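Note sheet for the following structure.
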Amino acid sequence: MTTTTRSTRVLPTDELLAAADRLLNPSDETALSPGVRARAAATLLRLALDETLDAFWRAVSPRMTRSTGRTRMLCLQWYVSPSVARQWYTVWSGLSAACHYHTYDLPPTPAEVRAWHQDVSELLRVLTAARA
């Protein structure tokens, strides 16, 4: 039996943020509606947030990388301030809801995703500084 680890790397977080920004501010004509672009940007932002938390745990306590996502979220408040942990969970929850398509739900607005973009940028800065 083989085990799978979460060591698969995606784009660096700064590239994920830049890609989300390009989706929110298209420079040319695009066939994608604002709702589709906003949902795609939210997905990239959530991926950046997840990657940052994984990098945080790899630096601070490598054994935590084998824990469930919920465990890592709950333990975060013991390594950073409780307000940062709450903000991380709030932003992650909002992005998670925005990433999932539901028939009768409207997609997130570009303005909502821009606000999350600012929150994610701040959390990336704080978590990167905390792991140093």
(request) Would you be able to tell me the number of residues in segment 67-89 that are without any contact (Cβ under 8 Å) to a residue 24 or more places away in the chain and part of a helix (DSSP H, G or I)? (result) 13
(request) Take segment 39-65 and flag every residue that is touching a Lys or Arg at 6+ places or on another chain (Cβ under 9 Å) and either closer than 16 Å to Ala115 by Cα or among the basic types (Lys, Arg) (or both). (result) Ala41, Arg58
(message) Against the condition among the charged types (D, E, K, R), touching a Pro at 6+ places or on another chain (Cβ under 6 Å) and modelled with pLDDT of 85 or more, how does Arg39 come out, does it pass?
(response) yes
(message) Looking only at residues that are among the hydroxyl-bearing types (Ser, Thr, Tyr) and within 10 Å of the chain's Cα centre (by Cα) in segment 90-122, which one is farthest from Arg46 (Cα to Cα)?
(response) Ser121
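Give me a count of the residues in segment 1-20 that are in contact with a helix residue (DSSP H, G or I) (Cβ under 7 Å, 6 or more places away or on another chain) and modelled with pLDDT of 80 or more. Let's see the steps before the verdict.
Going residue by residue through segment 1-20, those that are in contact with a helix residue (DSSP H, G or I) (Cβ under 7 Å, 6 or more places away or on another chain) are 6, 10, 13, 16-17, 19-20.
Checking the rest, the ones that are also modelled with pLDDT of 80 or more come to 13, 16-17, 19-20.
So the count comes out to 5.
Would you call Val113 crowded, with 17+ Cβ neighbours inside 10 Å and not in a helix (DSSP H, G or I)?
Working: crowded, with 17+ Cβ neighbours inside 10 Å: yes; not in a helix (DSSP H, G or I): no.
When the stated conditions are applied, Val113 does not pass them.
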(request) Give the number of residues within segment 44-87 that are within 18 Å of Thr128 (Cβ to Cβ) and of a type in the set (D, E, K, R). (result) 6
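The values are calculated or read from the model by the stated rules, or taken from the named source; none is laboratory data. Given the structure is predicted, the values throughout are model-derived calculations rather than measurements. A quick note on method: Cβ atoms are made from the backbone with ideal geometry, for glycine too, and the neighbour counts reach across all protein chains shown.
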